[in-house]
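A short worksheet on the structure shown next.
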Amino acid sequence: MIFTNKRASESCGCATQENVVYVCPSCGTKGSNVNAITVKSQLKKEVRTTMKLDVGLFNFCTNPQCDTVYYSNDGSEIFLQSDIKSKVTIKNEDPKTPLCYCKKLLKESVIEMINRKEPAIAKKVKEIIADGKSFCEKSNPKGTCCTEDITSFLKGYGIDFNESKKTTFSLNPNALSSCCC
């Protein structure tokens, strides 16, 4: 099954573009488009050498419970978590899993801040990722900026990453002046 989405980049302010999105052949969940450079960068060397480069575009499976990470549009290539060098934020509960791959911010670092009841956790996380130097397309298995995953992770702990009254800043992608992306 194929879906057409209008999608803008999460935080870079790029123009909205139309993307064709294919469902994951393993779980049937709508995926998100990912460039081949992301897949090549994330695959373990022994898996990358078997990758067919002529299959076209790839997709990222957005279902946290599905073991599939990448699949080609035509379904001829499927790569599982065990094929990937990095732990995938949305698919891995391990505290050693990155929230921000560019800055090497781990879930455990944020959990430690939460356990210490540090004030303004969202602001501190924002400061960690906010230097504008990023390489998300190669470092993040999703091939996109990490702010969506960080927002979701913090929400699970009752921390609103977007509410300026609680965090003294706004991480609204439309208002964002800088992040790692």
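Taken together, the residues in segment 16-34 that are at pLDDT 90 or above and either in a loop (DSSP other than H, G, I, E, B) or among the small types (Gly, Ala, Ser) (or both) amount to 8. Of everything in segment 114-129 that is under 22 Å from the mean Cα position of the chain (by Cα) and either part of a strand (DSSP E or B) or touching a residue at least 12 places away in the same chain (Cβ under 8 Å) (or both), the residue that is nearest to Ser86 (Cα to Cα) is Ile129.
Could you go through segment 67-86 and let me know if any residue there is within 19 Å of the chain's Cα centre (by Cα) and at pLDDT below 90. Looking for residues that are within 19 Å of the chain's Cα centre (by Cα) and at pLDDT below 90, one finds none in segment 67-86, hence no. Under the condition of being under 23 Å from Met51 (Cα atoms), assigned to a loop (DSSP other than H, G, I, E, B) and not charged (D, E, K, R), the residues counted in segment 71-113 number 5.
The residue that is modelled with the highest pLDDT, counting only those in segment 124-168 that are out of contact with any Asp or Glu (no Cβ under 7 Å at 6 or more places or on another chain) and acidic (Asp, Glu), is Asp149.
Mind checking whether some residue in segment 85-96 is touching a Pro at 6+ places or on another chain (Cβ under 6 Å), within 30 Å of Gly158 (Cα to Cα) and among the polar types (S, T, N, Q)? Yes: segment 85-96 contains one or more residues that are touching a Pro at 6+ places or on another chain (Cβ under 6 Å), within 30 Å of Gly158 (Cα to Cα) and among the polar types (S, T, N, Q).
The values are calculated or read from the model by the stated rules, or taken from the named source; none is laboratory data. This structure is a prediction, so every number in the text was calculated from the model and none was measured. In this analysis, Cβ positions are derived from the backbone assuming ideal geometry, glycine residues included, and neighbour counts consider all displayed protein chains.
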